[in-house]
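The values are calculated or read from the model by the stated rules, or taken from the named source; none is laboratory data. Note that the structure is predicted; figures quoted are calculated from it, not measured. Quick reminder, even Gly has a Cβ in these numbers, built from the backbone with ideal geometry, and neighbours come from all protein chains shown. Heads up: the accessible areas ignore ligands, DNA and RNA and are worked out on the full protein's heavy atoms, side chains in. Shrake-Rupley method; radii C 1.70, N 1.55, O 1.52, S 1.80 Å.
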Amino acid sequence: MSLVSPILQIEHITRQFSQTILPAVTQVSLTLHPGKILGLLGPSGCGKTTLLRLIAGFEPVQSGRITLAGQIVAGDGHWVPPERRDLGMVFQDYALFPHLNVAKNVAFGLARQKTKSDPVLQTLALVGLKGLENRYPHELSGGQQQRVALARALARRPSLILLDEPLSNLDIQVRLHLRREIREILKDTHTTAIFVTHDQEEALAICDQVAVMCQGKIEQLDDPETLYRYPGSRFVAEFVTQANFLPAQRQDSMWKTEVGNFSIQPDLPQEIGTLMIRQEDLKLHPHPESQIVVRDRHFLGRDYAYWVQTPSGKILQARLSSGAIAVGDRVNCIVNADAVTLFP
Ligand code: ADP
Ligand code: MG
């Protein structure tokens, strides 16, 4: 139990749209503490935006309860409309007013809309837009427009900021740069935030905690390292680590696969399972008699991606720092038993 009271507490909320069979959000519960960044990660359609909209009050909850900064805002017969929920929002498409300049966009929603006021200029300086107060959105790059949106959300100093795929429309260079900056700004201002993304690397990089969603449910909520090292289900493992998966069969005290036999802790009671091997844990050693063949190799700058084919035709991916092994070579796969995870 933490002694600090949470900014946000969600208890068993569900939202079912009449047009769909499965609810968009099912029995979701989570707690968010001040200053923390929570990631919502999952494939398209898993309910991330719906969950944000429920928190923001753009959607009604059908069951469960949402408590924001100590006040019940939805559920148990309570309803607080979005404009009174003390939230900031940042969307994928920036959603700036095209007819207002930068300062006026940021000032929008402040109690007194004075564009030269301290909060506006301070927040613009914070997001690196000092001097651009009088520009219009169409005179800014995508990255700069998203900074304006972030400044607008931050200017009122809300209890919580909700960011829905804010970097997805930007090109990779800007995305990587802004990723670092957003985290820095949120941390410097001690802002509590929920960051929605379908990009696992982005979620791991930015967030203190990540909730992996699948079909309206939270599959696992953990800190990024735990999520990556100890995925609790095959779905989380596939989505977060992009690892290799191999059928495995128990034989005496070992689990047998096409690439080797492993003594695994903790073990499973079943006779068959699926073994997860991360790309970076799969080492390749040349061996002319091996049945495993290198099918492809990409030079990625920092390292090499390899695709090898097992005797049954399965393709496994490896990341190696050296490109010494060539396409067509026969190799043995060497994997440390500590690095594999067994799923039922
Ligand atoms: P995500 O943001 O993770 O891509 P969404 O929350 O947008 O997912 O959508 C979750 C599910 O709910 C999807 O199946 C989507 O089609 C459905 N959905 C979302 N909004 C509506 C709506 N207003 N009416 C009907 N179905 C909706
Ligand atoms: Mg969405």
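Odds and ends about this structure:
- Options V196, V240; residue that is modelled with pLDDT under 95, of a type in the set (A, V, I, L, M, F, W, C) and within 16 Å of ligand 1 (Cβ to nearest atom): V240
- Within region 249-269, the set of residues being outside any loop (DSSP other than H, G, I, E, B), open to solvent by less than 80 Å² (accessible area, probe 1.4 Å) and within 16 Å of D338 (Cβ to Cβ) comprises M254, W255, T257, G260, F262.
- Every pair of residues 6+ apart whose Cβ atoms lie under 8 Å, when the first sits in region 48-74 and is assigned by TED's automatic domain parsing to the domain that holds T197 while the second is within 13 Å of ligand 2 (Cβ to nearest atom) and open to solvent by 60 Å² or more (accessible area, probe 1.4 Å): K48/H198; E59/R53
- Whichever residue in region 43-67 is under 17 Å from S159 (Cα atoms) and open to solvent by 10 Å² or more (accessible area, probe 1.4 Å) and, among such residues, is farthest from ligand 2 (Cβ to nearest atom): T67
- Scanning region 316-330 for residues that are open to solvent by less than 80 Å² (accessible area, probe 1.4 Å) and either in contact with a Phe, Trp or Tyr (Cβ under 6 Å, 6 or more places away or on another chain) or in contact (Cβ under 8 Å) with a residue 40 or more places away in the chain (or both) turns up L316, Q317, A318, L320, G323, I325, D329.
- Tally of residues being in contact with a strand residue (DSSP E or B) (Cβ under 9 Å, 6 or more places away or on another chain) and either open to solvent by 10 Å² or more (accessible area, probe 1.4 Å) or within 12 Å of ligand 1 (Cβ to nearest atom) (or both) across region 2-29: 16
- Of all residues in region 119-144, those satisfying the criterion of being outside any loop (DSSP other than H, G, I, E, B) and either in contact with an Asp or Glu (Cβ under 9 Å, 6 or more places away or on another chain) or under 17 Å from D188 (Cβ atoms) (or both) are P119, V120, L121, Q122, T123, L124, A125, L126, G142, G143.
- T310 meets each of the listed conditions (1) at pLDDT 95 or above; (2) over 15 Å from L275 (Cβ atoms) apart from (2).
- Restricting I21, I37, I10 to residues that are touching a residue at least 24 places away in the same chain (Cβ under 8 Å) and either out of contact with any Phe, Trp or Tyr (no Cβ under 9 Å at 6 or more places or on another chain) or not assigned by TED's automatic domain parsing to the domain that holds L163 (or both) narrows the list to I10.
- Region 331-344, residues that are open to solvent by less than 90 Å² (accessible area, probe 1.4 Å), outside any helix (DSSP H, G or I) and within 23 Å of I272 (Cβ to Cβ): C333, V335, V340, T341, L342, F343
- So G88, is it more than 21 Å from the chain's Cα centre (by Cα) and away from ligand 2 (no atom under 16 Å from the Cβ): no
- Some residue of region 159-176 being touching a Phe, Trp or Tyr at 6+ places or on another chain (Cβ under 6 Å), touching a residue at least 24 places away in the same chain (Cβ under 8 Å) and either open to solvent by less than 40 Å² (accessible area, probe 1.4 Å) or not assigned by TED's automatic domain parsing to the domain that holds A211 (or both): yes
- In region 192-241, the residues that are in a loop (DSSP other than H, G, I, E, B), away from ligand 2 (no atom under 16 Å from the Cβ) and crowded, with 21+ Cβ neighbours inside 10 Å: C207, P231
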